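In what follows, a structure is listed as structure tokens, so that the remarks can point back to it.
The values are calculated or read from the model by the stated rules, or taken from the named source; none is laboratory data. Being a predicted model, the structure only gives us computed values, none of them experimental. Counting neighbours? That spans all protein chains shown, and the Cβs are built from the backbone with ideal geometry, glycine included. These accessible areas exclude ligands, DNA and RNA; they are computed on the full protein's heavy atoms, side chains included. Shrake-Rupley method; radii C 1.70, N 1.55, O 1.52, S 1.80 Å.
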Amino acid sequence: MDIETVFKKISIRGRFAFGVKCIESYVSENKIEIDSIDKLLTLLWEFTESESLNLWDEKISDLNPTNILGVEYEKFPNDFPTIDAAEYKELKKNLSKSI
């Protein structure tokens with residue numbers, strides 16, 4: 001049986017969990033130690049057990065690199081309901097280094 005067939009039999013939450021586990025392995029193997037990565041992984045795991053995916057989507061959207069790099073927190077703080085100014089600045093600093 002090919003991998004595509006196997007994955008089609010797994011729920012979306014199961015496939016998502018597999019993806020998060022792959023990210024965790026990558027972070028661990030490459031010794032990436034950034035607080036925002038831990039927060040991101042925690043939020044990603046929430047998807048697998050959340051009953052309110054609309055709330056999960058709001059949280060994860062606040063960590064989206066496009067939003068962090070494209071929207072100025074100081075001008076539009078309401079666009080980031082789940083993070084504060086300090087978290088925004090840390091995320092922006094870390095993303096700017098990696099680009």
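A few comments on the model shown:
- Restricting 32, 68, 99 to residues that are farther than 30 Å from residue 11 by Cα, β-branched (Val, Ile, Thr) and at pLDDT below 90 narrows the list to 99.
- Qualifying residues in region 1-45 (those that are hydroxyl-bearing (Ser, Thr, Tyr) and in a helix (DSSP H, G or I)) - the one nearest to residue 63 (Cα to Cα): 36
- Region 28-51, residues that are within 16 Å of residue 97 (Cα to Cα) and open to solvent by 60 Å² or more (accessible area, probe 1.4 Å): 33, 35
- Condition check for residue 25: open to solvent by less than 40 Å² (accessible area, probe 1.4 Å) and either within 14 Å of the chain's Cα centre (by Cα) or closer than 30 Å to residue 7 by Cα (or both): no
- Number of the condition not met by residue 54 [criteria: (1) open to solvent by less than 50 Å² (accessible area, probe 1.4 Å); (2) not in a loop (DSSP other than H, G, I, E, B)]: (1)
- In summary, residue 63 fulfils each of the numbered conditions (1) assigned to a loop (DSSP other than H, G, I, E, B); (2) surrounded by 12 or more Cβ atoms within 10 Å (Cβ to Cβ); (3) free of Cβ contacts under 8 Å to residues at least 12 places away in the same chain with the single exception of condition (3).
- Some residue of region 68-89 being open to solvent by 90 Å² or more (accessible area, probe 1.4 Å) and touching a residue at least 24 places away in the same chain (Cβ under 8 Å): no
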